[in-house]
Structures are given as C-alpha cells and as structure tokens.
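The values are calculated or read from the model by the stated rules, or taken from the named source; none is laboratory data. Note that the structure is a prediction, hence the values are computed from the model and not measured. Every residue, glycine among them, receives a Cβ derived from its backbone with ideal geometry; neighbour counts consider all protein chains shown. The area values use the complete protein model at the heavy-atom level, side chains included, leaving out ligands, DNA and RNA. Shrake-Rupley method; radii C 1.70, N 1.55, O 1.52, S 1.80 Å.
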Amino acid sequence: MKKALLILTALSAAVLLSTSALAETRGKSLKRAEREIRKANFPEAENIYRLLLEKDQTDKEARLGLSFSLIKQIKLQEAYENAAQVIAADPLNSRGFALLGTALLRSREFRNSVEALYTAVKFNNKEALAIAGLSEIEYYEHRTRNSYQGLRRAISIDPMEPDYYLALARACSRLEYYNEAADAYQRFLDVTPKTDVERRARIRGLIDFYRYLGNTKIHRTVGKEVTTIPLELVNHRP
C-alpha cells in the first residue's frame, strides 16, 4: 500500500513538473515572438505563433499574436480569420476586435472597420491599436485634429509601436506642426531596427526637411482666419 502511494505521489509530481515545464516553454515562446515583432522579423514571429497553435488550437494569445504578425506582412485575409476565430470563442475580446478592424482597414474596408474598432475601444478604452486605427480613419476623412489627438493617445499607451509615429508625422504635417512631425519621424527611427538602411535614410531626409520648415520664416500663415468672396453663378457654374 505504501509502495503504491509512493508511486502515485511520484507520478503526480511528474505530471505537475511536466505541466509547469510546458507553461514555461509557452511563456518563453510568447516573449520570443514579441521580441521578433519588435525587431520587425514578422515571419519568425509568425512561425513561433503557429508552433504554439499546433500544440493548442485554443491558445487565444498565440492566435492574436499570429493575427498581428500577419497584418504586419499584409496577409490580411488570414489575419482577419484568426481574429474572428478568437472573437467567436470570446465575444468580449477587445484585442480581437482591434485586429479584426485593423485587417479591414488595411483592406480599405473603411466602413466595416469602424464598427470593429469602436467595439474594441468600448470593451477596452486603452486598446492602442484600435485607437490608432480610428485615428487613421479620422485622417482619411479630413478630421486631422481628431486624428492627431487620437494618435498621441495611442502612443502614450504603446510608445514602442513604430506605425503610430508615421501616422502622427503625417497628421502633424497636414496641421503644419513641422517640428513635431520631425520629432515623430525621429521617434520612429528610435524604435525601429536599423536594418532598413534605405528607408531610414529617406526618413532622415524628411526630418531635415520638416526641421527646416519649422525653423524658417519662409513659411508663414498671415491674414484673417475667415474671409468672404463674391460668387456669381452662370448656367449653374461659378
């Protein structure tokens, strides 16, 4: 009896150790995938997430990570499908809706993306990806100040996402905040890997250009904010 009890105890301890080791491996894999994303090595991150899903198809964190890495590679249909799968299992998952909306946005399905992005923010008002997505739509629809404010909020939540700085720089440029546009491009360079030499050189050129505009008197806005001009219609044409 004692021998059987000892064997049972040993087996239980082995199962616990095995479960702990698996959990530790999963945690390390998720962290490694995040590091690959920060290094812009999206194919490698995708591979890590796929391996995790081979072990457990219900791993929501891995599936959401896979969706994000696919969006970064413009594999939008599969990114959408993975986000939708998470939402089907967890209808209150804000990250899932943020990824779903972002995949639709990148596919230029603006109207459909808005609902998903708003839903993500409703479930979690600190979902930076959704806030940035809605801010992009504001930019496209010429509500630039709203876009600018939204992107600044997204950056305050997730300051390590490079895409937010590019979007902010565009909004700043349209608002004629040239020094701030240069700052945003500089922050983009600070948080991106140094492997894309050609792109970084181009952005350094933009930084110099916006610094020049921001510090020169060549570009000045003068006169009244609003003025009235006469308009006459002839055959329905001005």
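Here is how the numbers come out for the structure above:
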item: Volume of the Cα convex hull of segment 42-109, divided per residue and given in Å³; result: 65 Å³
item: Candidate aspartates and glutamates - alpha carbon under 19 Å from LYS122, same-chain residues fewer than 8 apart omitted; result: ASP90, GLU136, GLU138, ASP158
item: In sequence order, calculated HN-Hα J values of segment 125-133 (Karplus, 6.51, -1.76, 1.60; Hz; x Gly/Pro); result: 6, 10, 7, 4, 4, 5, 4, 5, x
item: Net dipole in debye of segment 18-102 [+1 Lys, Arg Cβ; -1 Asp, Glu Cβ; about Cα centre; nearest 20]; result: 320 debye
item: Length gained when the stretch ARG200-ILE157 is fully extended (0.36 nm per residue, less Cα-Cα span); result: 13.0 nm
item: Cα-based helix-to-principal-axis angle, 60-72 vs the chain, degrees rounded to 10; result: 40 degrees
item: Probe 1.4 Å, protein heavy atoms only - accessible area per residue of the chain in square angstrom; result: 64 Å²
item: Nearest-ten-degree value, helix 178-191 long axis tilted from longest Cα axis of the chain; result: 20 degrees
item: Theoretical gain in end-to-end length, ALA40 to ASN112 [0.36 nm per residue, Cα-Cα removed]; result: 23.1 nm
item: PHE209 versus ILE229: modelled label distance in nm, points set 7 Å from Cα along the beta carbon direction; result: 2.7 nm
item: Counting all C-alpha pairs of segment 162-238, share separated by more than 15 Å (%); result: 64 percent
item: With 5 Å bins from 0: P(r) over the chain, alpha-carbon pairs, percent; result: 1, 6, 10, 13, 14, 13, 10, 8, 6, 5, 4, 3, 2, 1, 1, 1, 0, 0, 0, 0, 0, 0
item: Degrees separating the helix 2-38 axis from the principal Cα axis of the chain, which is the longest one; result: 20 degrees
